[in-house]
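This report concerns only the one structure given below.
The values are calculated or read from the model by the stated rules, or taken from the named source; none is laboratory data. These numbers were taken from a predicted model, which means no experiment stands behind them. Positions of Cβ are backbone-derived with ideal geometry, glycine not excepted, and every protein chain shown enters the neighbour counts.
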Amino acid sequence: MAKSAKSNELRTAFEHHLKETEGHVQRLQQIFEMLGISPKTKTCEGMKGILDEGARMLDDSKEGDLRDVAMISAAQRMEHYEMAAYGTVRTYAERLGKTQAVQLLDKTLQEKKAADKKLTEISHQAYQHAQRAA
């Protein structure tokens, strides 16, 4: 999506988020190691649906500010879905007394919330640009 963004700020936000995601994966690996669990992959049908919908929005949008708004919409849906998952797992970890896991999950959750806030800020700018162009 970064390559499709008109806004440099949006492109940078997407690239930054990709780097953050690598950190999220490392934290999850740490948690699995702490718990002595071997992670298994499984397709998340909910996220797959969100990704498919985002791809359709991208295909249906002309290049420019409105496409940026569409991409932000899709990205925020992904962020909200992930925030729900991380928040739930963090609560499980709290109930189980896994303090270190709680801290790692909370760090990721805070990064997700910050990314969502940044996308909201960028969307306001993109809407303004799109209105001026209309």
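Within region 56-81, the set of residues being within 18 Å of the chain's Cα centre (by Cα) and within 14 Å of residue 127 (Cα to Cα) comprises 67, 68, 69, 70, 71, 72, 73. Test residue 108 against the stated conditions and say whether it is under 18 Å from residue 45 (Cα atoms) and either in contact with a strand residue (DSSP E or B) (Cβ under 9 Å, 6 or more places away or on another chain) or of a type outside the set (Asp, Glu) (or both). In short, no.
For the criterion of being at pLDDT below 95, more than 15 Å from residue 2 (Cα to Cα) and out of contact with any Phe, Trp or Tyr (no Cβ under 6 Å at 6 or more places or on another chain), residue 99 fails.
A Cβ distance below 6 Å, combined with a sequence gap of six or more or placement on separate chains, defines the contacts here; from region 1-20, residues that are touching a residue at least 60 places away in the same chain (Cβ under 8 Å) reach residues that are of a type in the set (Lys, Arg) in the pairs 5/11; 13/118.
Those residues that are of a type in the set (S, T, N, Q), within 22 Å of residue 25 (Cβ to Cβ) and surrounded by 14 or more Cβ atoms within 10 Å (Cβ to Cβ), I need them from region 70-102; list them, please. Result: 76, single match.
Only one of the listed residues (104, 109) is in contact with a Phe, Trp or Tyr (Cβ under 9 Å, 6 or more places away or on another chain), part of a helix (DSSP H, G or I) and at pLDDT 95 or above. That residue is 109.
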